[in-house]
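Before any comments, here is the structure.
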Amino acid sequence: MKSASIIGAGLVGSLWAVYLSKAGYKVKIFERRSDLRQTDISAGKSINLALSDRGWKAFKTVGIEKEIATIAIPMFGRTMHSITGELTYQPYGQENQAIYSVSRAGINCKMMDIAEKVGDAEIFYNEKCINVDLENGIVFLENTITGKQSEVKSDLVFAADGAFSSVRYNSMQKLNLFNYSQRYIDDGYREILLPANEDGTYKLSNNSLHIWPRGRFMLIALPNEDGSFTCTLFMPFKNHEYSFDKLDNPTKVDLFFKKVFPDFYDLMPNIAEAWGNHPLSSLAIIRCYPWTYGKTALMGDAAHATVPFYGQGMNSGFEDCSVMWELLQKHDENWQDIFDEYQKLRKPDGDAIQDLSIYNYYVMRDYVGDPNFLLQKRFERKIEELYPEIYKPLYSQVTFSHIRYSEALKKGKEQEEYIKSIMKKHDIAKHFEQDTIDTFIHSIYAQKKEYDVG
């Protein structure tokens, strides 16, 4: 029987096991950690994830979308909280378009269940990968509890072991001409769990992603199934008026939230007590190439780890699975051809979503509270509503379509320049006020037959 080894029982590794099983492979997954399902999982363990169309497509291809839907909470837009407590709402897309909040631990446990039940995969825990014979498909392991070393040979090896992949570090980075870069951004993050009300209800609207934009930093909140919110403060580590190094005691934490996030403080006046419940963490972008060698391939964060500000880290990893699956059909399981096209196809998209993620950080922390930016987004949504076949805003291209990330980035830059040029020449706000915006957009389209900017 055909065999495959997957390093890492995370989201991508667990999903890819289902795909491989569908292709007739016997799959073994080796995970460095203990079984997550046997530990006490509470909300706020990590940044909540936002599931969007690319992820759903990957689930639907192998028929597991209904199981994932049971743990996903739809968020139809962003709710921005000003420092004075004023709320501004911005839909993500057209009516009924949403991204879905899932806890990292919750979806990881669900995916491991699916890997075992649907993918018939065996998962071996506390097994650390210490090396891989890339050409011969041999994985060298060490048990983290007993210290016992072993080796497993299979037809294929897939490294889905995260941003700090042991396969990449111990094996691929030693290859001649292997390119690798690791870039930490200046900001870190700390998580805060906003509990539910005493009756289990939410303290904020649960069908929205909440953002407290403050220029150089921001706080966000995503809903959990139990009525709580996983909140994350992104802020400079140091060298700023507000930075993590200055919040070094409970009194300073308390004063900081009272001053900068007063409406959040009202919801959680004990914030200073909860401040130390989760560690201060860093964020990195990792780029490398090639992604494959011999019988081995990198997938997900092991190949293209990004920062979380476009909500596409998980989705891009899931898309690796659906793209690899399409190539498997195209090349009739000729893995040399599959691997070659996979890395050439996906590398530009991995780079693009990293660039987009950094860009969207500026959008979320700086621009979402800017009236001109909000007007621009409103204008774009109206154009898309009237001409959906030819215009799609950048966010919709990335989140609600399967357009390649690299193409979305290119088109997004072109159309943003075009939209801004229109807004400079015309009073768009006045057209909305006078209810003439539809007529105005139709007039532009009539004058510009080559209007296809999206």
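So, in the stretch 99-132, exactly how many residues are part of a helix (DSSP H, G or I) and not β-branched (Val, Ile, Thr)?
The number of residues fulfilling the criteria is 12.
Sort out which residues of the stretch 130-175 are at negative phi, of a type in the set (Gly, Ala, Ser) and surrounded by 15 or more Cβ atoms within 10 Å (Cβ to Cβ), and write them in order of number.
Residues satisfying the conditions are 154, 159, 160, 163, 165, 166, 171.
Taking residue 61 as the residue in question, decide whether it is more than 30 Å from residue 379 (Cα to Cα), surrounded by 15 or more Cβ atoms within 10 Å (Cβ to Cβ) and β-branched (Val, Ile, Thr).
So residue 61 passes the test.
Residue 44 fails exactly one of the following numbered conditions: (1) surrounded by fewer than 22 Cβ atoms within 10 Å (Cβ to Cβ); (2) at pLDDT below 95. What is the number of that condition?
(1)
Kindly evaluate residue 329 against the criterion of being over 27 Å from residue 166 (Cβ atoms), without any contact (Cβ under 8 Å) to a residue 24 or more places away in the chain, in a helix (DSSP H, G or I) and not assigned by TED's automatic domain parsing to the domain that holds residue 431.
yes
Which numbered condition trips up residue 64, out of (1) out of contact with any Asp or Glu (no Cβ under 9 Å at 6 or more places or on another chain); (2) in contact (Cβ under 8 Å) with a residue 60 or more places away in the chain?
Unmet condition: (2).
For the condition within 15 Å of residue 256 (Cα to Cα), in contact (Cβ under 8 Å) with a residue 40 or more places away in the chain and of a type in the set (A, V, I, L, M), what is the one hit in 219, 209, 194?
After applying the criteria, what remains is 219.
Being among the small types (Gly, Ala, Ser) and either touching a His at 6+ places or on another chain (Cβ under 6 Å) or more than 26 Å from residue 175 (Cβ to Cβ) (or both) is the filter here, so list the residues in the stretch 297-338 that pass it.
311, 322
With the requirement that a residue be touching a Ser or Thr at 6+ places or on another chain (Cβ under 7 Å) and of a type in the set (Phe, Trp, Tyr), what does the stretch 304-328 give you?
Correct list: 309, 310, 325.
The values are calculated or read from the model by the stated rules, or taken from the named source; none is laboratory data. These figures come from a predicted structure and were not determined experimentally. Neighbour counts run over all protein chains shown; Cβ positions are idealised from the backbone, glycine included.
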